[in-house]
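Here the structure is laid out as structure tokens; the discussion comes afterwards.
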Amino acid sequence: MNPPILAFFRNDTDKRRWKSDMASIPGIVSIVTEESAHSPFKTICRSVPKPQFILLSASFYPDKGFGITTLIRNLFPGTEILLISPAFEPFPDIALLFRDGIRNLVVVPTSPLPLSQGIGPVDPPLSVAIKSLTADRHERMYACLRQGTTVSEFTLTSSDQKEPLIKHLENTINGKSTEEEFLRQRAALIADEMIENALYGAPRNGDGTRIFRKGERREILPGERIEVRFGFDGENLAIEVSDGWGSLLPEEIIGHLEKNRDRDGLPPTDGGLGLFLIWRFVDHLYVSIAPGRETVVSGQVRLATPGELPEAKGFHMEALRACA
Amino acid sequence: METDFRVVVTREGLTEIVQFYGIIDSRAENALRELAGMVNGPNVRCDFNKSGRINSMGIAFLLRFMKQIRDDKSASISIRGLSQVNMILFKMTGIFLLATAEQ
């Protein structure tokens, strides 16, 4: 049996807001901090010394003197925090989250998601985020796909394979509706950016300089590994690209997201636009980094009516420890 | 839809029509750099009806091209024929700060 999940809310109103979302998640212990975060912590610490992870309401941000993340870090070192933010609230300041070591965010829509066409209700983003957070790295692809969905896997040997692979991905999303066409276009762009990052962004020299120039034709080096996986269950597309470099830094990702999101005008010219676009076009971004060993960038996208993308997006960033 | 990038420029009165074909990515760099020298304005219509996917590198080169012809040649730029995703992409990356969308 899994250990409980601790969920922290600022007050009763905050807790009520999340009540229906929490109802479907088993093993949650809810804590309302009210005006002081200190006393409930002591009690909870005794009863749940090792929570599975911590759900933290975004109502604590910007932190107005609670210092709740510091307290959580002290009491539960190494435990992941998933910040939950309602879509109607302003997007949390990414720099503050990163300062506090929060690398997991889910933005939850306030209106119920539409029922899918004949294949059952869509999993709400919070459920998908929790499944992704708790799934084993190799099961993550399946966490947001319906059971039995085939996941295709490819190992790249040359940059020439990028276009045929994207074509294959586009063909996997069959159907001629405008929703399917919109998903096909988004999937192609996401795959393009993910593969480009693995081919040209990841390979770096010891001093961090890039080995290959964007767009140049290249063979995969001996010992190098770039894998592409995707699956489509008729409604949800999951896509994942991994490279064997593990050269991406969480600070770098957060920096790119923040810089591109907060800009007022043309995008910065020092890179990172590709990662930002992946984040904006997927429904949920997952990045796992094992320094010097592997970077996995994955995302989930679902059928949607063409139009504006929702502004707010969640992410998970997992930075594993370097090899000893 | 062809995938290889190319661009064709024609003129209709005071308007130059720039027709984009294929995928716009890092491979479009040289062609887009040369294009800035070929286009004079005063009106430039960029037609993406026959173009495919545009990635972040393609966006960067398009921005550079449009900024150059707007700043150096005072060109008035309009855009047409965008796919659903490319329309979002252009809004998201500020291309419409340099050009207007044709209805």
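Computed from the coordinates by the stated procedures, all read-outs in this text should not be read as laboratory data. None of the values given here were measured: they were computed from a predicted structure. Positions of Cβ are backbone-derived with ideal geometry, glycine not excepted, and every protein chain shown enters the neighbour counts.
Points to keep in mind about this one:
- Ascending count of other beta-carbon atoms within 10 Å, so fewest first, for A:H316, A:H168: A:H168, A:H316
- Förster radius 35 Å - calculated FRET efficiency between A:L96 and A:S47, Cβ distance, rounded to 0.05: 0.75
- Fewest-first sequence of A:S85, A:S20 by Cβ atoms within 10 Å of each Cβ: A:S20, A:S85
- Per residue, the convex hull volume that the Cα atoms of the protein assembly as shown enclose (Å³): 162 Å³
- Rounded to the nearest whole Hz, the Karplus-based 3J(HN,Hα) values (6.51 cos²θ - 1.76 cosθ + 1.60, θ = phi - 60°) of the stretch A:50-62 follow the sequence 10, x, 4, 6, 10, 9, 10, 5, 5, 5, 7, 10, x, with x at glycine and proline.
- When the Cα gyration tensor is reduced to axis lengths a ≥ b ≥ c, the ratio a/c is 1.5 or higher for the stretch A:121-219, and with a/b not above b/c it is classed as oblate.
- Given A:K15/A:K50; A:K50/A:K259; A:K131/A:K176; A:K131/B:K50; A:K15/A:K259, the pairs whose alpha carbons are separated by over 29 Å: A:K50/A:K259; A:K131/A:K176; A:K131/B:K50; A:K15/A:K259
- For the pair A:N205 and A:T150, the difference between a 0.36 nm per residue extended length and the Cα-Cα distance amounts to 16.1 nm.
- Relative contact order for chain B, counting Cα pairs under 8 Å that sit 6 or more residues apart, in percent: 26 percent
- Full-stretch length increase - B:R64, B:V8 - with 0.36 nm per residue and alpha-carbon distance subtracted: 18.3 nm
- Nitroxide proxy distance, nm - points 7 Å out along Cα→Cβ at B:N43 and A:R225: 5.8 nm
- Spacing of the two label points (7 Å from each Cα toward its C-beta) at A:E34 and A:S20, in nm: 2.9 nm
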